Each structure stands twice: as structure tokens, then as C-alpha cells.
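Please read the structure below before turning to the comments.
A short reminder: the numbers here are calculations on the coordinates, not readings from a lab. Please read these numbers as outputs of a predicted model, since none were measured by experiment. Because the Cβ atoms are built from the backbone with ideal geometry, glycine has one as well, and the counts that use them run over all protein chains shown.
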Amino acid sequence: MSLDALPSLRESLDAHGLLARKSFGQHFLLDLNVTRKIVRLAGPLAGQVIVEVGPGPGGLTRALLESDALCVLAIEKDARFLPLLAELAEAAPGRLSVIEGDALAVDVLAAARAVAPEAPVSIVANLPYNVGTPLLIAWLTAPAPPASLTLMFQKEVAERITAAPGEEAYGRLAVLCETLARAEVVMSLPARAFTPPPKVESAVVRLVPRQDRPPAALVSALERVTGAAFGQRRKMLRSSLKSLGGEALIAQAGIDPSLRAEAIDGTAFLRLAQALQP
């Protein structure tokens, strides 16, 4: 059976008696027009190994298999969906591999590179809401990050990823993402696009890791500085960074100690991180 001959996603779910599990943060995208648009926004994917986390019934997986990607590696925690994914694998011989497991516990980048060691790896996923942020941080801070990441989050999280200084959503996540990647919101989706509809809207963010990203030790220091600064974001830096060196640290970085974290851009935070290092 080819991909074109497969039953609709709703028919597949009904045939297997499957419903979304709230405990897994599952909300299914069953409109192939939407999933195909996400894949187009993720491109170009030619010759790449694509990692998908939480494929569920396989709506995004189908669109990825229709693309010119070399192959797809899907990580699925919910064993109920393995038979559906097996049907997809049969319809696209040699192009879909499935790992049953928790993406937080699996080195998905290493697994993808094992599939085709010479091929670039990108991640395209409708992430479960309850694990999206830690997965993003892990991938961005990996020793060898993916070529690109096209990920769906709650709209609120997408805004936190792409926020600029002075905006309400600006915080640790925005600083880290700005430092490590170029990020932009490329698509927004209303709750009604999903089955079952979540209580929030969603957005797709595309991130391309920077070639000149700072070394791991500096990124670790950056996480410490932003953690302290935004942990007390209403306080001036001279107070919020007191435990890390206070005014002496801030002076070394050449920053006004009366400013608050929300007013500091990523470059200034990097200077604070450099000052923090021994």
C-alpha cells in the first residue's frame, strides 16, 4: 500500500480505537493540509534525516514522508500508536524508522546520525506541550545541534522563545535561544485545528542554530546569570545578581547596575556570563 492509498487519519484512529491521552499532552493534527504546510515551512529538507517526536497517529509523519527528506526517525512514547506507524512504514519502504521511548531519555540526535552518518539532521515535530521546552534546550545545547528545528509549541512558549528585550514574554528562554540560534514564528494555529482542541493557541517556531555559538562553558555561565537575573526580574541587577558577584560582576561587564533583566539584550548577558567565568 502506498501513502496515497492509506485511510484518512480519523479513519485510522477509529479503526484502532484510539483517543488522545491528556497525561501525555496529546493533541492531534489531523488536517494534512496543515501538516504539509508545516513541512514546507521547515524546508529545504532534501537529503536530510528528519527526527519527529510524538508522531501519534502520524499526520505530520505522512507529510514528512511525502517530502524529499532522505528518511524520518520517529520517537513515540505511547505504544498504542506503534501499529499505525508500522502501517506508515510499510507504505514508505525504508524511509520511516520508529523508536519506542521517551524523547527526554533518548539521544535522538545520535540515533538519527546512526541512520545515515553523512546526512544532515533536522527536527520537525508537534511537541507534546509538557516536554517542549526541555527538549528544545537539550537540542540547542547539544555538542552538535541539528541543522534546523521546526517545532510546534503553545503560543505562549513560542512568544517566550522569540521575545525581544522590553517585551513581557522576554526571559531566560529568549536569551538562550537568541544566543544559540536564529528563531522566528512561522505559523500560528487556533485551538480548533487540533483533536481534541487544547485550551490554548499554538505556534510553529523555526530555529536555525548559529555557526558561531559560544562554547559550552560560556553557555552554562549564561544559564546561571539569566537564572539569577530573571528569577528576581523586578529587582535591579545589583540586587538580583548579588549572589554571583553583584556590582563588581556588573561593572566588569560594563552594564548599568540599576537596569533590570528585562532591559538587557543577549549580548550584554553574554558579557555578564564571561565576567562570571574564572
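What the Cβ-Cβ distance of S239 and S2 gives, at R0 = 45 Å and to the nearest 0.05, is a FRET efficiency of 0.10. Computed over the range 126-165, the quotient of the alpha carbon radius of gyration and 2.2 N^0.38 Å is 1.19. Remark on the range 148-256: Rg and Dmax equal 16.6, 53 Å (Cα only). Placing a pseudo-label 7 Å from each Cα along the Cα-to-Cβ vector at D68 and A15 gives an inter-label distance of 3.1 nm. Here K242 is the anchor, and the aspartates and glutamates within straight C-alpha reach of less than 15 Å, apart from those fewer than 8 places off in the same chain, are D256. Computing Rg/Rh (Cα atoms, Kirkwood Rh) directly from the structure and comparing it against (i) 1.03; (ii) 0.96; (iii) 0.94 singles out (i).
Restricting to the range 3-209, what percent of DSSP beta bridges are antiparallel, rounded to 5?
50
Once the C-beta distance of Q277 and D107 is scaled by a Förster radius of 30 Å, the resulting FRET efficiency is 0.65 to the nearest 0.05. In terms of overall dimensions, the C-alpha atoms belonging to the range 216-276 reach 28, 21, 20 Å along their principal axes, ordered largest to smallest.
Modelled label positions at Q252 and A164, each set 7 Å beyond Cα in the direction of Cβ, lie 3.1 nm from each other. The label-point distance for A216 and L32, in a model that sets each label 7 Å from Cα toward Cβ, rounds to 4.3 nm. Kirkwood analysis of the Cα pair distances in the range 1-109 returns a hydrodynamic radius of 14.1 Å. Taking a ≥ b ≥ c as the square roots of the eigenvalues of the Cα gyration tensor of the range 105-152, is the shape rounded (a/c under 1.5), prolate (a/b larger than b/c) or oblate? Since a/c reaches 1.5 and a/b is larger than b/c, the shape of the range 105-152 is classed as prolate. Straight-line cross-link reach from K22 at under 20 Å between alpha-carbon atoms covers these lysines, not counting any fewer than eight positions away in the same chain: K77, K155, K199.
With K and R counted +1 and D and E -1, the other residues having a Cβ less than 15 Å from that of E167 yield a net charge of -2. Rounded to the nearest 500, the 222 nm mean residue ellipticity of the chain from helices alone is -11000 deg cm²/dmol, with -39,500 (n - 2.57) taken per DSSP H run of at least 4 residues.
Estimated at 0.36 nm per residue, the fully extended path between L259 and N130 surpasses their Cα-Cα distance by 43.1 nm. Our coupling estimate for the range 150-160, obtained by passing each phi through the Karplus curve with A = 6.51, B = -1.76, C = 1.60 and θ = phi - 60°, is 10, 10, 9, 10, 4, 4, 4, 5, 4, 5, 5 Hz, Gly and Pro reported as x.
If eta is 1.002 mPa s and T is 20 °C, what Stokes-Einstein diffusion coefficient results for the range 20-170, Kirkwood Rh from Cα pairs, in µm²/s?
Rounded to a whole number, D works out at 137 µm²/s.
How many angstrom lie between the Cα centre of the range 159-178 and the Cα centre of the range 43-109? The two parts, judged by their Cα centres, are 30 Å apart.
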